[in-house]
Structure formats: C-alpha cells, structure tokens
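Contents: one structure, followed by commentary.
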Amino acid sequence: MLVLGVAFWSRNLSHIVWAVVISAALQWLYALWCLKGLHNVWALSNFDGFKEQLAYTIPLGLSLLVGVLSVQLDKLMISGFFNPEQFAVFSLGAMELPLIGILINSVNAILLPNLSAMDKQSMSEVYSASVRKNAIIVFPLAVVFFIFAGEFITFIYGSIYSESALYFRIYLLLLPLRVATYGIIFQACGKTRLVMYDAIIMLLLNTVLNYILIKAYGMQGAAWATVIVSWLILGVYLWQIKYPLGLKLSSLFPLWRLIKTFICGFAAF
C-alpha cells in the first residue's frame, strides 16, 4: 500500500524506489518485533547450522541473480542493436503472463517444505499431482492468449504497439514449461549447486544464441533464442533429475495426462 500510495500521489520514480526500500525495511522490523517474544533473536544459538545454511542458500542466491540476467538478456541485446522505438515494441511483447508467475510461486511456497520432508516415492506423487493441476490452468491460458494475442496487446497498450503481438506469441511458447518448477526438486534434495550451474549454462547459451539469431533474423531472433534455450535447458534438468538425483521421470511428469490436457484445451477453441 505504501508503494502504491507514493506512486499514485507523487508519480516520481525516485520516490517510488525509496518507497520500495522503506517498505522492505518496515517488513523486516515487523518480523523482528513478532519474533522478539519467541526467543532472543541475538542469541548465539540462532547461528547453529549457519555454515550449512550458507552452503544451501548462496548457490540459490547466485542462481537467482544469473537467472534474472538471463531472462532480461534479450532486451539488453535488443537495446544495443536497435533504436528506442523498436526496443519499445519488442519489450512490450517479450513477456510472460504475470498470472503464471504468481501461480507457480504460490505452488512452490506450499510444495517445497512438504517435498523436503518426504521420501522419493511420496515426493514424486505430490510433485506429479502439482504438475497436472498446473497444466489444467496453464494450457488453456496459453491457447487463449495465443489466439487473441493481437487483441490483448491492443487492449493493454493500444494499436500503436500492435506489432508487439508477434513477440508475445513467441514467448507464449514458454508456457508449457511453466507447468513445473524443476529447480524445486533440486532444492528439496539439497542439491542447490545444480540450480546454480544450470543458471550459468542457460546464461551462456542464451548469450551466444541471442547474438547469432539477432544478426540473422533481427528482433524475432532474440525472442526465438530465449524460447529455444529454455527448451534446451529442460533437457539438462531432466537428465540431472534422472541420473544425479536418481528419480524416475515417468513418476514425476504425467506425460500422457499433460498431452490430453493440452489437446482438450486446444480443442475447446
């Protein structure tokens, strides 16, 4: 509410950034105050296992930073190759549906604590069920927005940015991947370094392929590079899940059910 209020009344970017910082600080102070009655937050016992926590969280933090750079890499490269008007058209279309991110983050917040406490068989069953349920929402949305991409972009941004629909459709090809969060399996098994290595591999592949395809196909090349690399890295995830982690892919990903869900979603339109 603080950020929204400052944005509404000031309409000043620097004020909004400060509001975000102050909001985060207030949340931290509130959490500290709530925990005060439970135990001494400054006690040395709170640092027991701190080394193990760092070993678990540092790779995750690094993978998050690298992942953000990888996601924004196409826009960074487009800004260097094309003029601001062309960049604006690309950046408005080169996006994923915000609703999907909210859905996946909510599912992960519930799944991760439960998966960490389960054996492999139970973990596979719960994870497979979540993938199936995500697909029921994600696949129909992918079909709807792919068909009505032009109308959606025009409604949100106006007809002047109608060309953005092309890039929006290309990015929608990433939606089938969003039925699952593959890194959460590594986190549940304590293999956070694999998450970091995958993020680095994805960044390197994305950099090379973006450069090659932008030179060959212009702005469309950047969008296709992101999609291609995302599907390629899926192969790396699946290999790691099957071999280093020793999990059965068939028990984690109900492929036939996913295919039937996609067919039903597509046939409805």
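What follows is calculated from the coordinates using simple rules that are stated; it is not laboratory data. Keep in mind it's a predicted model, so treat the numbers as computed, not measured. Cβ: placed from backbone, ideal geometry, glycine included. Neighbour counts: every protein chain shown.
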Using the Cα atoms of the range 86-211 to build a convex hull, what is its mean projected area in square nanometres? 8.8 nm²
At a 10 Å Cβ-Cβ cut-off, how would you order 154, 192, fewest neighbours first? 154, 192
For the chain, what number results from the quotient of the Cα radius of gyration and 2.2 N^0.38 Å? 1.15
Within the chain, what is the number of lysine pairs with alpha carbons under 17 Å apart, leaving out pairs fewer than eight places apart on the same chain? 8
Between the alpha carbon centres of the range 152-194 and the range 111-131 the gap in Å comes to 24 Å
Using R₀ = 30 Å, calculate the FRET efficiency as 1/(1 + (r/R₀)^6) where r is the Cβ-Cβ separation of residue 52 and residue 231; round to 0.05. 0.30
Grab the eigenvalues of the alpha-carbon gyration tensor for the range 131-269, scale each by 5, take roots, and send me the semi-axes largest first in whole angstrom. 29, 22, 11
Between residue 249 and residue 96, how many nm apart are label points set 7 Å from Cα along the C-beta direction? 2.0 nm
If we count other beta carbons within 10 Å of each Cβ, what is the order of 8, 139, fewest first? 8, 139
Scan the chain and hand back the longest stretch that contains none of the trypsin sites (Lys or Arg not before Pro) lying in DSSP loops with at most 14 other Cβ atoms within 10 Å. 12-247
Quick one: pull the percentage of alpha-carbon pairs in the range 225-269 with a separation above 14 Å. 65 percent
Helix-only [θ] at 222 nm, the chain, -39500 (n - 2.57) per DSSP H run of 4+, per residue, nearest 500, equals -26500 deg cm²/dmol
Listing 198, 119, 74 from the residue with the fewest other Cβ atoms within 10 Å to the one with the most, what is the order? 119, 198, 74
Would you mind calculating the relative contact order of the chain from Cα pairs under 8 angstrom and at least 6 residues apart, reporting the percent as a whole number? 25 percent
